[in-house]
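A short worksheet on the structure shown next.
The values are calculated or read from the model by the stated rules, or taken from the named source; none is laboratory data. What you see is a predicted model; the values in this text were computed from it and never measured. We place every Cβ from the backbone using ideal geometry, glycine too, and count neighbours over all the protein chains shown.
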């Protein structure tokens, strides 16, 4: 809740090329050092991020699923509407329905997705991609943001805007599965460049689109197979880039390392599409990796060297990695949620569960899980690999119905 309020408070209000600010755009980062305060760098409040705005909307819609708080809805709604307007105007630079980025700041970040390092977005031969750039995962974020905001607004009586968003989301999904799909590779492009040509790097970013439900069912199986193959999964998790790529480097910051936050979104997406074995496999790889770090804590990233299961092998510590790090800490919770298949609809007083504990986790408990203004306790057991995971509700103050979706 405090995150939503903070982001809404610092939402872009004007056009300022120096800090890439635009009306409705969500801030990327804020710094308080001397260089920022004297505007030697644009980071006192810097807006150079194409994904923060749709992710803000996803966070808002997801928070409302868990809390169904009318006061919070009314408080954040104006900022959410401005964010939606930004996506439909400033965010879509050429009116083709895709979110693109082009930094206008001389001191800003040129790469404006989550992989914002120099060289992270390039063609298969390593040549840089000319902006404006439409990133694959950002189109997924935009789709999920519009789809979930439409559902929320429909429930709250804002039917006209809800229908408009539903139509835009449907059109985006159709064009995305046409324009980003690489039939020969049976995979999606990393991005579209300024000429709308596909950037053919085999990146993990595509997996975020599973998390967003934008991938057609018949294409999803190819994506999941590729992501879990030895080409992408090193045995400690999924690497950011295919090991067959010319620029692959397991110790690169973005081009071959393993990022737990990246993996957690991919795993959550696999769960949404019903790939339970793959969820268990990648989660288990990350769990194994965590055992080699201090406090069993997943760092921001680590090296993407292939695991040797026939000899002693450990994940490589990355010298630029932070630990603790916020998105890595959050990844553990999302991975656990994916194991449980936990989805919440507080307005309907209903939760959805499709639990499958991995072999190494026989028991798990969730205490004081807040649904709306009340809580719920859940316990899960899987005594042998052959057994299904069983669950028990020990306390249901929230009075919710538990639904087990069909497999």
Which of the residues belonging to segment 379-407 are free of Cβ contacts under 8 Å to residues at least 24 places away in the same chain and within 26 Å of the chain's Cα centre (by Cα)?
406
List the helices (runs of 4 or more DSSP H) inside segment 1-105, counting only whole elements, that have at least 2 residues being more than 28 Å from residue 167 (Cα to Cα).
2-9, 34-37
May I ask you to list the residues in segment 168-201 that are in a loop (DSSP other than H, G, I, E, B), in contact with a helix residue (DSSP H, G or I) (Cβ under 9 Å, 6 or more places away or on another chain) and closer than 17 Å to residue 133 by Cβ?
180, 189, 190, 196
With the first residue restricted to segment 353-377 and required to be on the phi > 0 side of the Ramachandran plot, and the second required to be surrounded by 17 or more Cβ atoms within 10 Å (Cβ to Cβ) and assigned to a strand (DSSP E or B), Cβ contacts under 9 Å at 6 or more apart or on different chains are 368/376
Give segment 202-226 a look and list any residue that's touching a strand residue (DSSP E or B) at 6+ places or on another chain (Cβ under 9 Å), touching a residue at least 40 places away in the same chain (Cβ under 8 Å) and in a helix (DSSP H, G or I), or say none.
204, 205, 206, 207, 209, 219, 226
Sole miss for residue 13 among (1) crowded, with 16+ Cβ neighbours inside 10 Å; (2) touching a strand residue (DSSP E or B) at 6+ places or on another chain (Cβ under 8 Å) is condition (1)
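May I ask you to say which residue of 321, 354 is within 21 Å of the chain's Cα centre (by Cα) and more than 30 Å from residue 115 (Cα to Cα)?
Details: 321 fails: more than 30 Å from residue 115 (Cα to Cα).
Result: 354 is the single residue among 321, 354 that is within 21 Å of the chain's Cα centre (by Cα) and more than 30 Å from residue 115 (Cα to Cα).
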Examine segment 132-148 for a residue that is out of contact with any strand residue (DSSP E or B) (no Cβ under 6 Å at 6 or more places or on another chain), under 29 Å from residue 46 (Cβ atoms), in the same structural domain as residue 28 (by TED's automatic domain parsing) and in a loop (DSSP other than H, G, I, E, B), and state whether such a residue exists.
yes
Any idea how many residues of segment 179-195 are farther than 22 Å from residue 50 by Cα and surrounded by fewer than 20 Cβ atoms within 10 Å (Cβ to Cβ)?
5
So, in segment 117-128, of the ones that are crowded, with 18+ Cβ neighbours inside 10 Å and in a loop (DSSP other than H, G, I, E, B), which residue ends up modelled with the lowest pLDDT?
120
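Answer yes or no as to whether residue 392 is at pLDDT below 95, loosely packed, with under 12 Cβ neighbours inside 10 Å and touching a strand residue (DSSP E or B) at 6+ places or on another chain (Cβ under 6 Å).
Values: at pLDDT below 95: yes; loosely packed, with under 12 Cβ neighbours inside 10 Å: yes; touching a strand residue (DSSP E or B) at 6+ places or on another chain (Cβ under 6 Å): yes.
So residue 392 fits the description; yes.
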All positions within segment 151-175 that are over 25 Å from residue 219 (Cα atoms) and buried (at least 21 other Cβ atoms within 10 Å of the Cβ):
152, 153
Checked segment 200-227 for anything closer than 21 Å to residue 120 by Cα and surrounded by fewer than 22 Cβ atoms within 10 Å (Cβ to Cβ); matches are 200, 226
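Can you tell me which of 8, 36, 61 is farther than 14 Å from residue 87 by Cα, surrounded by 14 or more Cβ atoms within 10 Å (Cβ to Cβ) and without any contact (Cβ under 8 Å) to a residue 40 or more places away in the chain? I'd like the intermediate steps shown before the answer.
On the way: 8 fails: without any contact (Cβ under 8 Å) to a residue 40 or more places away in the chain; 61 fails: without any contact (Cβ under 8 Å) to a residue 40 or more places away in the chain.
Every option except 36 fails the conditions.
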